[in-house]
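Quick note: the coordinates plus some simple rules give every number you see, no bench work behind them. All values reported here derive from a predicted model rather than from experimental measurement. Cβ atoms come from the backbone with ideal geometry, glycine included; neighbour counts cover every protein chain shown.
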Amino acid sequence: MKISIITIVYNNRETIADTIESVLGQTYPDIEYIVVDGLSTDGTVDVVAKYGARISKFVSEKDKGLYDAINKGIRMATGEIVGFLHADDIFYSANAVASVAATFKACQTDSVYADLLYVQKEDTDKVVRNWISGNYNRENFMYGWMPPHPTFYVTKSCYEQYGLYDLRFRSAADYELMLRFLFKHKISTTYIPETLIKMRVGGKSNVTLKNRIRANREDYAAWQVNELQPRFYTRYLKPLRKLVQFL
C-alpha cells in the first residue's frame, strides 16, 4: 500500500529540513514524498534540492495559496492513501506512517485520524496544547468537534469522488473538507489512539483575534455550502473546545 505524503512550503528555510528528515526517517517502506513549494525566495528551494531523488516529486511555482498548493499535491499523488506533513510539522515517531498503514489494512477504512501535539516553535519537546481526538461519533460535529487535520489520512479515491479543497475558504478549507467527507458523505473513519504529529504553534487561523473571528465565520459557511444545518451553538463550541487542550 503506497502512501503519498505531501509537504506544502513557502519561505520556511528554517524548518523545512526537520520536516523532510521526519518523512525520510519513517520505517514504513512504501512512501511517495511530494514537496510543493510556492516559489520561495529565502533559500527553501536550495534546502529541498539537496535531498535530490530521496524526494519523489518536487515542484516550485507560484500558487493561489495553501489550499491551492494542497490540491496540486493531491493531483500529483499516486498513492492509495494521501496525507500531509507541512513545513512546520514533524512526525511524533519514526513509526507514525506504519501505524497509519496498519490501521487502513486492518480496518478497511476510508480514512484515519489520530492525536496531535502543538509544540513551541524553537523547542519541539515543549508541549503547548495536547489535542486528543477521541473515538469517532458523527454527532460530535454538532458540538464543534473535528479531527486534527494534519493527522487526517484519506484514500485517493475519496478525493476523486467527493472533490478537493474549496478555494473559496481562506482558513477553514480543511474543516469544510472533513465536514463534507465525514458528515455529509459519511465516509468511514478510524481513530488511532496515539500522537501522530507535532505541530509548531502559530497556525494561520489562530494568529490574531481578527483571524479567529474570520475563521469562525468560515466554519459556519462550511455548513452552508454543503447545505447542512448546524445547531445554533455549533460555531461557538468549536473554538471553545480548544481550551481543554491547554490543560
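Counting only DSSP beta bridges whose two residues both lie in the chain, roughly 30 percent are antiparallel.
Rg then Dmax, both in Å and based on the Cα atoms of region 107-247: 14.8, 43.
Residues Lys126, Lys238, ranked from the fewest to the most other C-beta atoms within 10 Å, line up as Lys126, Lys238. With contacts taken as Cα pairs under 8 Å and at least 6 residues apart, region 70-184 reaches a relative contact order of 30 percent. Using a/c under 1.5 as the rounded threshold, could you call region 24-87 rounded, prolate or oblate? The axes a ≥ b ≥ c are square roots of the C-alpha gyration tensor eigenvalues, and prolate needs a/b larger than b/c, oblate otherwise. Cα axes put region 24-87 in the oblate bin.
Of Val119, Val225, Val100, which has the largest mean-square fluctuation in a 10 Å C-alpha GNM of the chain? Among Val119, Val225, Val100, the largest GNM mean-square fluctuation belongs to Val225.
By other beta-carbon atoms within 10 Å, ranking Ile31, Ile213, Ile70 with the fewest at the front produces Ile213, Ile31, Ile70.
With the simple spin-label model, which puts each label point 7 Å out from Cα in the Cβ direction, the Met1 to Gln161 separation comes to 1.6 nm. Adding -39500 (n - 2.57) for every DSSP H run of four residues or longer, then dividing by how many residues the chain holds, sets the calculated 222 nm ellipticity at -8500 deg cm²/dmol.
Annotated for region 32-109: lysine pairs at least 8 residues apart or interchain, Cα distance under 23 Å, count 5. The calculated FRET efficiency for the pair Tyr136 and Ala49, based on their C-beta separation and a Förster distance of 35 Å, comes to about 0.30.
For the chain, the relative contact order comes to 22 percent (Cα pairs under 8 Å, sequence separation of at least 6). Which one of Phe91, Phe232, Phe169 has the biggest mean-square fluctuation once the chain is modelled by GNM with Cα springs under 10 Å? Comparing Phe91, Phe232, Phe169 in a Gaussian network model of the chain, the most mobile one is Phe232.
Pairwise Cα separations in region 1-151 fall into 10 Å bins from 0 onward with the following percentages, short to long: 10, 38, 37, 14, 1. Placing pseudo-labels 7 Å out from each Cα toward the beta carbon at Val225 and Lys126 gives an inter-label distance of 3.7 nm.
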